[in-house]
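The values are calculated or read from the model by the stated rules, or taken from the named source; none is laboratory data. From a predicted model like this one, the values you see are computed outputs, not experimental measurements. Cβ atoms come from the backbone with ideal geometry, glycine included; neighbour counts cover every protein chain shown.
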């Protein structure tokens with residue numbers, strides 16, 4: 001059975017009371033970074049790292065920790081899934097492309113933060129493909145998404161970036 005993440009707007013509204021927030025992408029990116037970086041560490045430590053991040057960022061939660069715990073469990077299950085059904089928590093295609101680009105950028109930035117806070121060190125990575133994936137994710141994290149011109153090519157390029165990040169994260173996790 002495929003485990004799907006809740007809709008981006010649902011998380012934004014339930015946890016942060018703001019449908020236009022970048023925070024769900026930041027939280028999910030960080031959470032996935034922690035899961036990947038602390039793969040061989042206990043679940044309690046992973047959840048504590050996520051909870052500490054939320055507190056440090058000064059994010060006040062409207063909902064309980066249950067929704068975040070569910071998000072963490074679903075993300076872990078997706079990363080473990082043999083059919084590679086891992087998803088990034090991003091707004092759907094109906095949202096403005098600029099907003100989606102910003103959320104992808106923040107997702108990547110937070111993913112790298114989660115890796116770092118979990119104790120993951122790139123200098124210990126021996127595989128070149130993982131180093132390249134991490135460098136590419138760092139470059140995507142720097143994209144601003146404020147450009148005025150968008151067309152069908154922008155949409156295609158965005159979808160390709162999302163797919164690249166999705167596959168890169170699964171590679172890093174494995």
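Data for the structure
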{"quantity": "Within region 8-18, considering residues that are within 17 Å of the chain's Cα centre (by Cα) and within 17 Å of residue 106 (Cα to Cα), the one modelled with the lowest pLDDT", "calculated": "16"}
{"quantity": "Filter result for residue 90 (closer than 21 Å to residue 35 by Cβ, assigned to a helix (DSSP H, G or I), at pLDDT 75 or above and under 13 Å from the mean Cα position of the chain (by Cα))", "calculated": "no"}
{"quantity": "Residue in region 65-77 that is at pLDDT 75 or above and surrounded by fewer than 11 Cβ atoms within 10 Å (Cβ to Cβ) present", "calculated": "no"}
{"quantity": "Checking residue 148 against (1) modelled with pLDDT under 90; (2) part of a helix (DSSP H, G or I), the condition it does not meet", "calculated": "(2)"}
{"quantity": "Unmet requirement for residue 155, which otherwise passes all of (1) modelled with pLDDT under 90; (2) under 26 Å from residue 81 (Cβ atoms); (3) part of a helix (DSSP H, G or I)", "calculated": "(2)"}
{"quantity": "Yes/no for residue 83 being loosely packed, with under 15 Cβ neighbours inside 10 Å, under 18 Å from residue 171 (Cα atoms) and touching a residue at least 12 places away in the same chain (Cβ under 8 Å)", "calculated": "yes"}
{"quantity": "Residue within region 26-46 that is under 20 Å from residue 162 (Cα atoms) and at pLDDT below 85 present", "calculated": "no"}
{"quantity": "Cross-chain or 6+ apart pairs with Cβ under 7 Å, region 120-137 first and farther than 18 Å from residue 109 by Cβ, then at pLDDT 80 or above and part of a helix (DSSP H, G or I)", "calculated": "125/131; 129/171; 130/171; 130/172"}
